[in-house]
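Each reported figure results from applying straightforward, stated rules to the coordinates on display, with no laboratory input. Everything quoted here is computed from the prediction, not taken from an experiment. Cβ placement follows ideal geometry from the backbone for every residue including glycine, while neighbour counts extend to all protein chains displayed.
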Amino acid sequence: MKIAVIGPGAMGCLLAGALCDANKVWLLDHNPDRADLLNRQGLVIEEIGHSRSCRVNVTADLRQIGPVELILLCVKAGKVKEVLHAIGPLCNQESLLLALQNGIGHLPLLPEILGDSACWGLGVTSHGATLIGPGYVLHKGQGITRIGLPTESISTDAKSIEKLTAAAQTLTGAGIQTELVPDILNHVWAKLLVNVGINALTAIHDCPNGVLLESVETVAIMEAAVLEAKHVAEKIGITFGDDPWHVTRQVCLATAANISSMLQDIRARRPTEIEAINGALIRKAAELGLPTPVNEELVRKVKEIERNIHDFT
Ligand code: KPL
């Protein structure tokens, strides 16, 4: 399969590295100098017990890639709009785009920018990956990746299902165990609620995920944030297999030593995904007339940290 992975972050490099043996993979990086570097040095995926080097074609010029069958959109949520406006040269009748962002901030952008004719789906992955240098990924945890068509995407016609099935097979064949599911939005929201509970608090307290569970006060805020999000989700018809607060605690324990993606962003002085996670939740709640005071406070605090960082630099 001809595949374009957009974004050389942890997830982008992990997927490009996994897929490159059996597919024609391009990695798109908006930064031409880093694209050159990655082309020369390749990618390194370090897993428990072994590390693997691989070569992929990296470019900052998407016209060099041409149309592809699968686009894996792995940029941070805040970059989705800009990328969607630019990816025309990668798309034709055969293309499927899978958006793998955290949060729900990108959901309205996909139908709005891609229009009626594009075939796109959503993906939710629970792989634990950290970028420790350009093209260098620490792959800590495996997990199932789920992909599917949300109701807002064009259709559930046979051709779209065929493309998603092929994408799931290709990813699974590359060691990224992937399932095609009929209710992808439920999975997107289930992950959102975990991120709502964990990410902002780790950024505020500057701590690994597991430390959050050591303070009764912090646990109470986590639970309240997740409950606010659960009310919003239920109001729009999202259903959860397991209780979201229970799942959030479990994920926090299972990833106790992890530095959350939001804290990684703060430490690297990058913009965080607070707007796509807690911020987008607040906006959805406001549309529905539901209160979200705990999430509003989390957003306020993370934005204050972001402002302080940028005042320093
Ligand atoms: O998804 C995550 C993130 O860091 O974005 C969690 C589940 C919190 C793991 O760190």
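In a simple Cβ point-charge model (Lys, Arg +1; Asp, Glu -1; nothing else charged), segment 48-112 has a dipole of about 300 debye relative to its Cα centre. Only one residue of Val211, Leu201, Thr178 has its Cα farthest out toward the positive end of the dipole of segment 160-236, where Lys and Arg carry +1 and Asp and Glu -1 on Cβ, and that residue is Thr178.
Among Val83, Val226, Val219, a tally of other beta-carbon atoms within 10 Å of each Cβ gives an order, fewest to most, of Val219, Val83, Val226.
For Leu288, neighbours were defined as the other residues whose beta-carbon sits under 11 Å from its Cβ, and their charges (Lys and Arg +1, Asp and Glu -1) total +1.
Net charge in the neighbourhood of Ala224 (other residues with Cβ under 12 Å of its Cβ; Lys, Arg +1, Asp, Glu -1) is -4. Each part gets one Cα centre, and for segment 175-218 versus segment 32-74 those centres are 27 Å apart.
By DSSP, the beta bridges lying fully in the chain are antiparallel in about 35 percent of cases. Any chance you could give the angle, 0 to 90 degrees and rounded to 10, that helix 10-19 forms with the longest Cα principal axis of the chain? It is inclined by approximately 40 degrees.
For the chain, the longest principal axis of the alpha carbon atoms and the long axis of helix 244-254 meet at an angle near 70°. Residue separation of Ala268 and Lys140 scaled by 0.36 nm, minus their Cα-Cα distance, works out to 44.1 nm of gained length. With the largest listed first and rounded to whole Å, the semi-axes of the equivalent ellipsoid of segment 1-122 from the Cα gyration tensor are 24, 15, 14. Here the chain is treated as an ellipsoid with the same Cα gyration tensor; its semi-axes, largest first and in whole Å, are 30, 23, 18. Neighbours of Lys235 by Cβ distance under 13 Å: Lys/Arg scored +1, Asp/Glu scored -1, total -1. Charge dipole (Cα centre; +1 on Lys/Arg Cβ, -1 on Asp/Glu Cβ; no other charges) of segment 2-182 amounts to roughly 320 debye. Entry note, the chain: the mean residue ellipticity at 222 nm calculated from DSSP H runs of n ≥ 4, each adding -39500 (n - 2.57), is -14000 deg cm²/dmol after division by the residues and rounding to the nearest 500.
When +1 charges are put on Lys and Arg Cβ atoms and -1 charges on Asp and Glu Cβ atoms, the dipole computed for the chain relative to its Cα centre reaches about 580 debye. Calculated on C-alpha atoms, the gyration radius of segment 185-309 divided by its Kirkwood radius gives an Rg/Rh of 0.94.
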